[in-house]
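The values are calculated or read from the model by the stated rules, or taken from the named source; none is laboratory data. Computed from a predicted model, the values in this text were never measured in an experiment. Neighbour counts run over all protein chains shown; Cβ positions are idealised from the backbone, glycine included. Surface areas here come from the heavy atoms of the whole protein model, side chains and all, with no ligands, DNA or RNA. Shrake-Rupley method; radii C 1.70, N 1.55, O 1.52, S 1.80 Å.
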Amino acid sequence: MFLLLPFDSLIVNLLGISLTVLFTLLLVFIIVPAIFGVSFGIRKLYMKTLLKIFAWATLRMERGAKEKNHQLYKPYTNGIIAKDPTSLEEEIKEIRRSGSSKALDKTPEFELSDIFYFCRKGMETIMDDEVTKRFSAEELESWNLLSRTNYNFQYISLRLTILWGLGVLIRYCFLLPLRIALAFTGISLLVVGTTMVGYLPNGRCKEFLSKHVHLMCYRICVRALTAIITYHNRKNRPRNGGICVANHTSPIDVIILASDGYYAMVGQVHGGLMGVIQRAMVKACPHIWFERSEVKDRHLVAKRLTEHVQDKSKLPILIFPEGTCINNTSVMMFKKGSFEIGATVYPVAIKYDPQFGDAFWNSSKYGMVTYLLRMMTSWAIVCSVWYLPPMTREKDEDAVQFANRVKSAIARQGGLVDLLWDGGLKREKVKDTFKEEQQKLYSKMIVGNHEDRSRS
């Protein structure tokens, strides 16, 4: 039997006391508040302190940059080219008026000068691509003491450098271990809790316990990211038998919404840790998981969703109809599938504050582990969530028009740019139909004018 020296015994005792104190703090300030859905205001105080530090650091940087006469930030612009919303026909008419004696109305034929319109449009698209730039993180106008958010930063002063180094130590040596411990706690409780609840017979008791286990665990995971969330218009929260649709910036969108409401998730069956979580969750709650072979079967997916929403006792379905993560500036095309089944749609707008940490997941650049590490080493995740009034499909409206109307409402409320482009362009090439559409517009303009002239 090994005997501990006095010094070793002291180390063991101190370690035991430290773990006890840490566990007590976690229990009192994080786990218990998560169970009852209350907050002591520590995260908001932390956010206010960070804002004061950022303001001081910004003043120091601006003063130092002015003294050394160098540019501190890249010029901020919303777009490179100023473009007026004009039609193809109007622009070609303008080109012909300025460079050709043949007017489009009088000469409905191909003119060599028409090529300049398509050349200019192509150059504008290459230089100011409104699609590709939605899949990269935006650079901040001010620095938040994270080296990843402004690559134009240069040495300013010793005091500011020390502050940055202190921030690195706090984020990696204190916040990161604490957040990993909280995430592990939340996920473990979710798996164990939902598995135990799953063995209970169906009824009110099971539903009550399932709801509160889910809420508790998601709230712990929210605290693992030091997420500070402001919910607006909670009276419009999704209700049973409906579909909740939201813009999609990050995988943590699910946690952000599920920590304030009880939803049925929709997704593909995964393996590994994610598969263990999915199998445990579905025991306690009627989530909708699809096999890989079923995901592309639109009719099967629509049938499963329709059956779910027709039962008004079942939870609202949570769906992100963009189908991929878009950076925190825009909303892209909504897939029409969830708008075809005739259910009440509850739109939700999510807007993150990048000043404390960029929540956007660039899946083509970072894997999930790298992304979560970046999240857990940021200062905090701050966002606002707006619950919009429920919307239903009108009689003279098809699924695409309904989807666009919901998307516009979300973009307007969240202060986001409303784009018609498909988020699938993140990984796929532009479909030939988009190219053919421009060709048809031009040929219709030429042939149509010629036919109108013949009839007259």
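Under the simplified labelling scheme, the Thr377-Val192 pair shows an inter-label distance of 3.0 nm, with each label point 7 Å from Cα along Cα→Cβ.
For the residue pairs Lys303/Lys395; Lys211/Lys283; Lys314/Lys395; Lys283/Lys314, the alpha carbons lie more than 18 Å apart in Lys303/Lys395; Lys314/Lys395.
Quick one: grab the alpha carbon gyration tensor of the stretch 323-380, order the square roots of its eigenvalues as a ≥ b ≥ c, and give me rounded if a/c is under 1.5, else prolate or oblate depending on whether a/b is larger than b/c. Prolate. Taking only the Cα atoms of the stretch 313-409, the ratio Rg/Rh comes out at 1.03, with Rh defined as the Kirkwood radius.
Stretching the chain fully between Trp164 and Leu27 yields a gain of 46.2 nm (0.36 nm per residue, less the alpha carbon separation). Under the simplified labelling scheme, the Ala181-Val269 pair shows an inter-label distance of 3.8 nm, with each label point 7 Å from Cα along Cα→Cβ. The length gained by stretching the chain between Leu200 and His212 to full extension, at 0.36 nm per residue less their Cα-Cα distance, is 2.8 nm.
Applying 0.36 nm per residue to the separation of Thr370 and Thr20 and subtracting their alpha-carbon distance, the gain on full extension is 122.9 nm. What percentage of the solvent-accessible surface of the stretch 150-279, computed with a 1.4 Å probe over protein heavy atoms, is contributed by carbon and sulfur atoms? Here carbon and sulfur together make up 67 percent of the probe-accessible area. Spin-label pair Val38-Gln439: with each label point 7 Å from Cα along the Cα-Cβ axis, the two points sit 6.8 nm from one another.
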